[in-house]
1. Do we find that Glu3 is over 23 Å from the mean Cα position of the chain (by Cα) and surrounded by 10 or more Cβ atoms within 10 Å (Cβ to Cβ) in this structure?
2. Is it fair to say Gly46 is on the phi > 0 side of the Ramachandran plot, over 17 Å from the mean Cα position of the chain (by Cα) and at pLDDT below 95?
3. Which residue is most open to solvent (accessible area, probe 1.4 Å), if the candidates are limited to segment 48-76 and must be among the aliphatic types (A, V, I, L, M) and outside any helix (DSSP H, G or I)?
4. Could you tell me which numbered condition Thr116 fails, if it satisfies all but one of (1) at pLDDT 90 or above; (2) open to solvent by 70 Å² or more (accessible area, probe 1.4 Å); (3) more than 20 Å from the chain's Cα centre (by Cα)?
5. Taking only pairs six or more apart or across chains, which ones have beta-carbon atoms under 8 Å, a first residue in segment 49-63 that is charged (D, E, K, R), and a second residue that is surrounded by 13 or more Cβ atoms within 10 Å (Cβ to Cβ) and not in a helix (DSSP H, G or I)?
6. Taking the conditions exactly as written (assigned to a helix (DSSP H, G or I) and under 23 Å from the mean Cα position of the chain (by Cα)), does Leu86 satisfy them or not?
7. For residues in segment 7-47 being among the aliphatic types (A, V, I, L, M) and within 19 Å of Val63 (Cβ to Cβ), which is most open to solvent (accessible area, probe 1.4 Å)?
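The values are calculated or read from the model by the stated rules, or taken from the named source; none is laboratory data. The structure presented is a predicted model; accordingly, all values stated were derived computationally and were not measured. Positions of Cβ are backbone-derived with ideal geometry, glycine not excepted, and every protein chain shown enters the neighbour counts. Ligands, DNA and RNA are stripped out before the accessible areas are found, and what is left, the full protein with its side chains, is counted by its heavy atoms. Shrake-Rupley method; radii C 1.70, N 1.55, O 1.52, S 1.80 Å.
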Amino acid sequence: MREQTANRVFDTANFIVLLVSTLICLAPFLHIIAISMSSAGPILSGKVNLLPVEFNIEAYAKVFSDASMIRSLGFTVLLTGLTTVLCMLMTIAIGYPMSKKKLRGRKAVMFVIVVTMFFSGGI
């Protein structure tokens, strides 16, 4: 019975900590969204926090009416999707063989992987 109570206390505390952490991480995004949906006056006077003031979506209408922005957004989504698929395929292609203990050269390949994780080539 005592262990079950301890588990409940831990689960509750864990839930509260994760909830607060999530809210702290989401607050800047909510602030940016609120600014993007507010009119200029409240933004310049600093009245916008987490909720939009004087709701206005003219900026979105202007952005989405431009064909080049739609084309750029489509390219970004395509590039993100292709990069995700390519990275997953590469990870699977090296991950499965590396899981086999009898693979010859496994330590050398692992060394190369770890070194590239610590020392990036830069962009």
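1. Numbers: over 23 Å from the mean Cα position of the chain (by Cα): yes; surrounded by 10 or more Cβ atoms within 10 Å (Cβ to Cβ): no.
No: the conditions fail for Glu3.
2. Details: on the phi > 0 side of the Ramachandran plot: yes; over 17 Å from the mean Cα position of the chain (by Cα): yes; at pLDDT below 95: yes.
Yes, satisfied.
3. Just the residues of segment 48-76 that are among the aliphatic types (A, V, I, L, M), to begin with: 48, 50-51, 53, 57, 59, 61, 63, 67, 69-70, 73.
Right, trim to outside any helix (DSSP H, G or I) and you get 48, 50-51, 53, 57.
Details: Val48: 10, Leu50: 90, Leu51: 130, Val53: 45, Ile57: 86 Å².
This residue is Leu51.
4. So the condition that Thr116 fails would be (1).
5. Glu54/Ser38; Glu54/Ser39
6. Numbers: assigned to a helix (DSSP H, G or I): yes; under 23 Å from the mean Cα position of the chain (by Cα): yes.
Yes; evaluated as a whole, the condition is true for this residue.
7. Going residue by residue through segment 7-47, those that are among the aliphatic types (A, V, I, L, M) are 9, 13, 16-20, 23-24, 26-27, 30, 32-35, 37, 40, 43-44.
In the following step, the residues that additionally are within 19 Å of Val63 (Cβ to Cβ) were identified as 32-35, 37, 40, 43.
Working: Ile32: 107, Ile33: 82, Ala34: 2, Ile35: 56, Met37: 53, Ala40: 66, Ile43: 61 Å².
Among those that are among the aliphatic types (A, V, I, L, M) and within 19 Å of Val63 (Cβ to Cβ), it is Ile32.
Residues are listed down the side, and each one gets a yes or a no for (1) farther than 30 Å from Tyr60 by Cβ; (2) of a type in the set (A, V, I, L, M):
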{"residue": "Phe75", "(1), (2)": "no, no"}
{"residue": "Leu82", "(1), (2)": "no, yes"}
{"residue": "Ile94", "(1), (2)": "yes, yes"}
{"residue": "Lys101", "(1), (2)": "yes, no"}
